[in-house]
Amino acid sequence: MADTSELSLVAFKGNLQVAQGLKGKNEVEITGLQPGTVIPDGEYKVAYTDGTNVSAKTDVPGFSVLSQRVTSVGITDSSNTDEAVTG
């Protein structure tokens, strides 16, 4: 896996960036989702950024938002792929 200690994970819905994680943490939280919502595969995508360039986007697997009030959903990159940030 590439060194991501200087990168932030960002989440997109379509072409709109909806969230950005902290640099080096390999996670991002999507907030404001309604309880009980079913999110299909690929509705959200994630990529890494160095603040200027963004890597290729990867589909987030589908998930269901818990019925209880949830204020955010955390997404952590646990892949073992080598992907460089591209311009």
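The values are calculated or read from the model by the stated rules, or taken from the named source; none is laboratory data. Worth saying up front: this structure is predicted, and the values here are computed from it rather than measured. Positions of Cβ are generated from backbone atoms using ideal geometry, with glycine treated the same way; all protein chains shown enter the neighbour counts. SASA here: full protein model, heavy atoms, side chains in, ligands and nucleic acids out. Shrake-Rupley method; radii C 1.70, N 1.55, O 1.52, S 1.80 Å.
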Exercise. Take the residues in the stretch 45-71 that are open to solvent by 40 Å² or more (accessible area, probe 1.4 Å) and small (G, A, S), then tell me which one is modelled with the lowest pLDDT.
Key: S67
Self-check item: Matching residues, the stretch 22-44, being in contact with a Pro (Cβ under 9 Å, 6 or more places away or on another chain) and exposed (fewer than 12 other Cβ atoms within 10 Å of the Cβ)
Solution: D41
Quiz item: Do you know which residues across the stretch 2-21 are open to solvent by 100 Å² or more (accessible area, probe 1.4 Å) and closer than 20 Å to P61 by Cα?
Solution: N15, L16, Q20
Quiz item: Residue check: is G42 at pLDDT 95 or above, of a type outside the set (A, V, I, L, M) and on the phi < 0 side of the Ramachandran plot?
Solution: no
